[in-house]
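Peer 1: Quick one: structure below, then a few questions.
The values are calculated or read from the model by the stated rules, or taken from the named source; none is laboratory data. All of these numbers come straight from a predicted model, not from anything done at the bench. Cβ atoms come from the backbone with ideal geometry, glycine included; neighbour counts cover every protein chain shown. Protein only, heavy atoms only, side chains kept; ligands, DNA and RNA dropped before computing areas. Shrake-Rupley method; radii C 1.70, N 1.55, O 1.52, S 1.80 Å.
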Amino acid sequence: MTQEVRVRFAPSPTGHLHIGGARSALFNYLFARNRNGKFIVRIEDTDQARNVETATEKLLDSLKWLGIEWDESVDIGGPHAPYQSMERLDIYKKYIDELIENGKAYYCYMSEEELEAEREEQRSRGLTPKYSGRDRNLTKEQRDAYEKEGRKPVVRFLVPEYQSVVVDDIVRGKVTFDTDGIGDFVIARKDGIPTYNFAVVIDDYLMQISHVIRGEEHLSNAPRQVLLFEAFGWETPTFAHASLILNEDHKKMSKRDESIIQFVEQYRDLGYLPEAIVNFISLLGWSPGGEEEILSMDQLIEQFSLERVIKAPAVFDTKKLAWMNNQYMKEASVDKAVDVALPHLIKAGRLPVDMDGMERQWAQALIALHQEKMSYGAEIVELTELFFMDEIDYNEEAKEVLAEEQVPEVLTSFKEIVEGLATFSSEEIKKAMKDVQKATGHKGKKLFMPIRVAVTGQTHGPDLPQAITLIGKETVASRIDKLLK
Ligand code: GLU
């Protein structure tokens, strides 16, 4: 029988969901669903100094927004609860004690100053600093003496010397590390709380995790974790370390990098569509079998495999992200587009919070008119500027159009006809333009360009009759008036 697939996303609650984290979560989720397995979200919060209140809630919210669902976690429980490390301290303690009893871990009393002095000395000899193992073989008397001094020990794992550790990785093959480069690392701090590298192993084992799928930044942790699995005599899970995500300059993305919006919540707030974000993230280090890149969650689940996760770094292409969002925006319902765009018009002060029915209808029509063009909701503010301007500042290109000789005639005729209209609809405007054509003999570009430019200030834009309808009769007439004067 093949082993049941059980995978986990194990964020530390240190802030919002980062693009890299979202990618790990997504790959785990897709893999679990593809293989009819289980997807677990576990909160790794033993590094308490880094914990941020409400981060867990925010992480879960962002995952939900992306449409990533879990089978076991802090909110819904599950057969291996609790799913938060700090609630599992008793469990870890048992295993820490077991290693100490078996001589595979030991108490270390060195102070921070002593450790630093040791590192400094190694550096001065041109060596890479590494814990020396000084407290490996303390006698009972030595320990008592330290305790008397009031020192509190950490627990270190005794790393076997001159061995190689193999991390079997689906993406990278067998990656071999030398234990020489790994000092005896801390598995429990002075307060008894385990470090990430320890807790993660205990949890992955007890939660029967079959595959550890995460970002390349954790590859260097993997040998430590493998050593721990081996020390307990447990089978190691299969690893898959997805590639780094680079920015457009092909540099490793840092959290301070402003060239990229890095948190899922920010994308939500900007009015991106979650389906587009999921699709885009899925392609950061994974490639589908076929040519088609626009893939729904269901298609991703169907096509996902760890064998197609690539080793080469993924480059975060913001233009592609905008393009992809636009693909989804075009296909979205008008309601959806309104959902993501309207709050931005309100926030920009263009529309009141408490719109009446007419205003709401107008806003919906305005957004619908720009849906094709919009890649994400917040863009609506810039795209619709002309609909909210008192006065148009005509640029050079516009002035050139308006300087053509037929313009006064066309505009005068259009204004007259428009002012006479009883209703103001797209159909009526279309008809009005035909009437101008009849009255003036001008047609095509010579006819509609001056009208477009006069009324919108732009040489291109959305469907003209509709735009004119939304700008409204009064504004249209007054803009033309001003030009004619
Ligand atoms: N808690 C780790 C992090 O947030 C997860 C590491 C892992 O997946 O093993 O980066």
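Peer 1: For residues that are in contact with a helix residue (DSSP H, G or I) (Cβ under 9 Å, 6 or more places away or on another chain), within 22 Å of Trp286 (Cα to Cα) and outside any loop (DSSP other than H, G, I, E, B), tally how many sit in the stretch 219-249.
Peer 2: 6
Peer 1: Can I ask one more? Residues Glu141, Glu116, Glu161: which one is open to solvent by 60 Å² or more (accessible area, probe 1.4 Å), at pLDDT below 95 and not aromatic (Phe, Trp, Tyr)?
Peer 2: Matching residue, one of Glu141, Glu116, Glu161: Glu161.
Peer 1: Can you tell me how many residues in the stretch 45-64 are within 19 Å of the chain's Cα centre (by Cα), of a type outside the set (Ser, Thr, Tyr) and farther than 18 Å from Asp298 by Cβ?
Peer 2: Looking only at that region, the number is 7.
Peer 1: Lys130 is checked against (1) assigned to a strand (DSSP E or B); (2) open to solvent by 50 Å² or more (accessible area, probe 1.4 Å); (3) in contact (Cβ under 8 Å) with a residue 24 or more places away in the chain and fails just one. What number does that condition carry?
Peer 2: Condition not satisfied by Lys130: (1).
Peer 1: Would you point out which residue out of Gly173, Gly192, Gly183 is under 35 Å from the mean Cα position of the chain (by Cα), surrounded by fewer than 15 Cβ atoms within 10 Å (Cβ to Cβ) and within 30 Å of Ala312 (Cα to Cα)?
Peer 2: Exactly one residue qualifies, and that residue is Gly173.
Peer 1: Restricting the stretch 1-26 to residues that are closer than 17 Å to Leu306 by Cβ and part of a loop (DSSP other than H, G, I, E, B), which is nearest to the ligand (Cβ to nearest atom)?
Peer 2: This residue is Val5.
Peer 1: If we scan the stretch 213-221, do we find a residue that is in contact with a Leu (Cβ under 8 Å, 6 or more places away or on another chain) and open to solvent by 20 Å² or more (accessible area, probe 1.4 Å)?
Peer 2: Yes: one or more hits.
Peer 1: Here's something else I'd like to know. Going by the conditions given, is Val52 open to solvent by 20 Å² or more (accessible area, probe 1.4 Å) and either hydroxyl-bearing (Ser, Thr, Tyr) or within 13 Å of the ligand (Cβ to nearest atom) (or both)?
Peer 2: Spelling it out, Val52 is indeed open to solvent by 20 Å² or more (accessible area, probe 1.4 Å) and either hydroxyl-bearing (Ser, Thr, Tyr) or within 13 Å of the ligand (Cβ to nearest atom) (or both).
Peer 1: Does Ile277 qualify as being in a strand (DSSP E or B), of a type in the set (Val, Ile, Thr) and touching a residue at least 12 places away in the same chain (Cβ under 8 Å)?
Peer 2: no
Peer 1: Could I ask something else about it? Taking the stretch 165-191 only, how many residues are assigned to a strand (DSSP E or B) and either within 20 Å of Gly103 (Cα to Cα) or without any contact (Cβ under 8 Å) to a residue 12 or more places away in the chain (or both)?
Peer 2: Counting residues in the stretch 165-191 that are assigned to a strand (DSSP E or B) and either within 20 Å of Gly103 (Cα to Cα) or without any contact (Cβ under 8 Å) to a residue 12 or more places away in the chain (or both) gives 6.
Peer 1: Here is a further query. Considering only residues that are open to solvent by 20 Å² or more (accessible area, probe 1.4 Å) and of a type in the set (Phe, Trp, Tyr), which ones fall in the stretch 65-100?
Peer 2: Hits for the stretch 65-100 are Trp65, Trp70, Tyr95.
Peer 1: I've got another one for you. Filter the stretch 222-236 down to the residues that are without any contact (Cβ under 8 Å) to a residue 60 or more places away in the chain, open to solvent by less than 60 Å² (accessible area, probe 1.4 Å) and away from the ligand (no atom under 11 Å from the Cβ), then identify the one that is farthest from Val165 (Cα to Cα).
Peer 2: Checked the stretch 222-236; the qualifying residue farthest from Val165 (Cα to Cα) is Trp234.
Peer 1: Go through the stretch 387-446 and give me each residue that's of a type in the set (Ser, Thr, Tyr) and touching a residue at least 12 places away in the same chain (Cβ under 8 Å). Lay out the reasoning, then the answer.
Peer 2: Residues of the stretch 387-446 of a type in the set (Ser, Thr, Tyr): 394, 412-413, 423, 425-426, 440.
Hits for the stretch 387-446 are Tyr394, Thr412, Ser413, Ser425, Ser426, Thr440.
Peer 1: Would you pick out the residues in the stretch 27-47 that are more than 13 Å from the ligand (Cβ to nearest atom), out of contact with any Lys or Arg (no Cβ under 7 Å at 6 or more places or on another chain) and in contact (Cβ under 8 Å) with a residue 60 or more places away in the chain?
Peer 2: Hits for the stretch 27-47 are Leu30, Phe31, Arg33, Asn34.
Peer 1: In the stretch 373-392, how many residues are assigned to a loop (DSSP other than H, G, I, E, B) and open to solvent by 20 Å² or more (accessible area, probe 1.4 Å)?
Peer 2: 7
Peer 1: Next question. For the structure I just gave you, tell me whether Ile209 is touching a residue at least 40 places away in the same chain (Cβ under 8 Å), within 12 Å of the ligand (Cβ to nearest atom) and at negative phi.
Peer 2: For Ile209, the condition - touching a residue at least 40 places away in the same chain (Cβ under 8 Å), within 12 Å of the ligand (Cβ to nearest atom) and at negative phi - is met.
Peer 1: Which members of the stretch 269-287 meet the condition of being open to solvent by less than 10 Å² (accessible area, probe 1.4 Å) and farther than 23 Å from Val338 by Cβ?
Peer 2: Ile281, Ser282, Leu284, Gly285, Trp286
Peer 1: If I filter the stretch 195-206 down to residues being free of Cβ contacts under 8 Å to residues at least 60 places away in the same chain and within 12 Å of the ligand (Cβ to nearest atom), which single residue comes out as nearest to the chain's Cα centre (by Cα)?
Peer 2: Ranking the qualifying residues of the stretch 195-206, first place goes to Asn197.
Peer 1: With the requirement that a residue be outside any helix (DSSP H, G or I) and surrounded by 15 or more Cβ atoms within 10 Å (Cβ to Cβ), what does the stretch 294-317 give you?
Peer 2: Those that are outside any helix (DSSP H, G or I) and surrounded by 15 or more Cβ atoms within 10 Å (Cβ to Cβ): Leu295, Phe304, Val309, Pro313, Ala314, Val315, Phe316, Asp317.
Peer 1: So, one more: Could you please find all residues in the stretch 237-255 being surrounded by fewer than 21 Cβ atoms within 10 Å (Cβ to Cβ) and more than 13 Å from the ligand (Cβ to nearest atom)?
Peer 2: Thr238, Ser243, Leu244, Leu246, Asn247, Glu248, Asp249, His250, Lys251, Lys252, Ser254
Peer 1: While we're on this one: Looking at Gly150, Gly133 in this structure, which one is out of contact with any Ser or Thr (no Cβ under 7 Å at 6 or more places or on another chain), modelled with pLDDT of 95 or more and of a type outside the set (D, E, K, R)? Don't jump to the end; show me each part of the working.
Peer 2: Numbers: Gly133 fails: modelled with pLDDT of 95 or more.
The match here is Gly150.
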